[in-house]
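Input: a single structure, listed below in structure tokens.
Nothing in this text is a laboratory measurement; each read-out follows from the coordinates by a stated rule. Here the structure is a predicted model, which means the values were calculated and not measured. Don't worry about glycine lacking a Cβ; one is built from the backbone with ideal geometry, like all the others, and counts go over all protein chains shown.
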Amino acid sequence: MTAFRKSSSGRKAFVIFNYMVLIGAALACLLPIVNILAISFSSSSAVGSGAVRLWPVGFNVDSYKYVLGKPEFITSFLISVKRVLVGVPLNMLLTICIAYPLSKDKAQFKWRSLYVWFFIMTMLFSGGLIPWYMTIKATGLIDSFWALILPGAVPIFNVILLLNFFRSLPKEIEEAAVIDGANVWTALWKIAVPLSAPAIATLVLFCIVTHWNSWFEGLMLMNNPDNYPLQSYLQTVIVNRDMTLATSADWRSMMNISDRTTKAAQVFVATVPVLLVYPFLQKYFAEGIVLGSVKG
């Protein structure tokens, strides 16, 4: 605060402008979520009349009871949880095992540049949607859980970030370990990985968000809707009306819920896991990205 008082008027105006822009951006991201939350807790009549803004009108939890009682929602939710629990460790294992050797110089890994350009080219160019689908179909993964995991098992962008982070680590630490008898695997898992905790935590966050929010693969690769992950299921829910509402036996609950309130409840429940995980990894985010972008 003292430094702010001593700054020039131009500096003060710049800081205030930055705060205003950041607060506006934060509100632009937060207010839609608050509105969805308010709709999910409101009565169907209040939502239908457009009376709900940022606070529930006719507060009730019937929409959540209805959503959490739907077998389709629970099944898709568990598939997404399974996808995260299997996909994220596989992503990180492959990312670490690829990034570490590529972080070495040409004296240690002669063909390093060739492999790096090979991976970069896959980021810039792809065979297209049809070859991608035909390849997955030829491997027999269509309509299986592994179709959601294996095609994206190696996130190239994450490899590039971790590669640069490994290169920023002091070489003297690894050289001292080698002198003491450590082999390549010991240097990787006992030295490089612990020192790269900020970058790895950041990439774990990226992988979690990617797996949890992905919906396209489920719609394209799953013939049976029972195999949809949560976001693919929600995509069909948002596009189509929920006809099961009309057949519900609990007519008292039907007075409080509608297609809009149940959709809002499902969308909010789907965001809760990421909202719970994000604060624990946020402290590593800035440090991991900044250090991973600078070559030491």
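For the stretch 201-224 and the stretch 5-47, compute the distance between their C-alpha centroids and round to whole Å. Spelled out, the Cα-based centre of one part sits 28 Å from the other.
Of the chymotrypsin sites (Phe, Trp or Tyr not before Pro) found in the stretch 36-136, those in coil by DSSP whose Cβ has at most 12 other Cβ atoms within 10 Å are PHE59, TRP111, PHE125. Each Cα pair under 8 Å and six or more residues apart adds its sequence gap; the mean of these over the residue count of the stretch 78-235 is a relative contact order of 37 percent. For the chain, the square roots a ≥ b ≥ c of the C-alpha gyration tensor eigenvalues yield an a/c of 1.5 or more together with a/b not exceeding b/c, which makes the shape oblate. Label-to-label distance, SER8 versus ILE173, with points set 7 angstrom from Cα along the beta-carbon direction: 4.1 nm.
Using a cutoff of 8 angstrom between alpha carbon atoms and counting only pairs six or more residues apart, the relative contact order for the chain works out to 30 percent.
Residues considered: LYS190, LYS137, LYS12. Largest GNM mean-square fluctuation over the chain, using C-alpha springs under 10 Å, is found at LYS12. Centroid-to-centroid, using Cα positions, the stretch 114-182 and the stretch 69-97 are 19 Å apart. The distance between label points at VAL57 and TRP132 comes to 4.2 nm (points 7 Å beyond Cα on the Cα→Cβ vector). Against the chain, whose longest principal axis comes from its Cα atoms, helix 112-124 is set at around 20 degrees.
Counting alpha carbon pairs within less than 8 Å and at least 6 residues apart, what relative contact order, in whole percent, applies to the stretch 49-154?
29 percent
Taking other C-beta atoms within 10 angstrom as a stand-in for reagent exposure, MET121, MET222 fall in the order MET121, MET222, fewest first. Can you give the angle from 0 to 90° between the axis of helix 156-168 and the longest principal axis of the chain, with both taken from C-alpha atoms, to the nearest 10? It works out to around 40 degrees.
For the set LYS104/LYS190; LYS110/LYS190; LYS110/LYS171; LYS82/LYS171; LYS82/LYS137; LYS70/LYS137, the pairs lying more than 28 angstrom apart at their alpha carbons are LYS82/LYS171; LYS70/LYS137. Measuring r between the beta carbons of CYS29 and PHE280 and using R0 = 22 Å, the FRET efficiency lands at 0.70. Against the chain, whose longest principal axis comes from its Cα atoms, helix 9-40 is set at around 50 degrees. Only helices enter this figure: runs of n ≥ 4 DSSP H residues, each worth -39500 (n - 2.57), summed and divided by the residues of the chain, yield -21500 deg cm²/dmol at 222 nm to the nearest 500.
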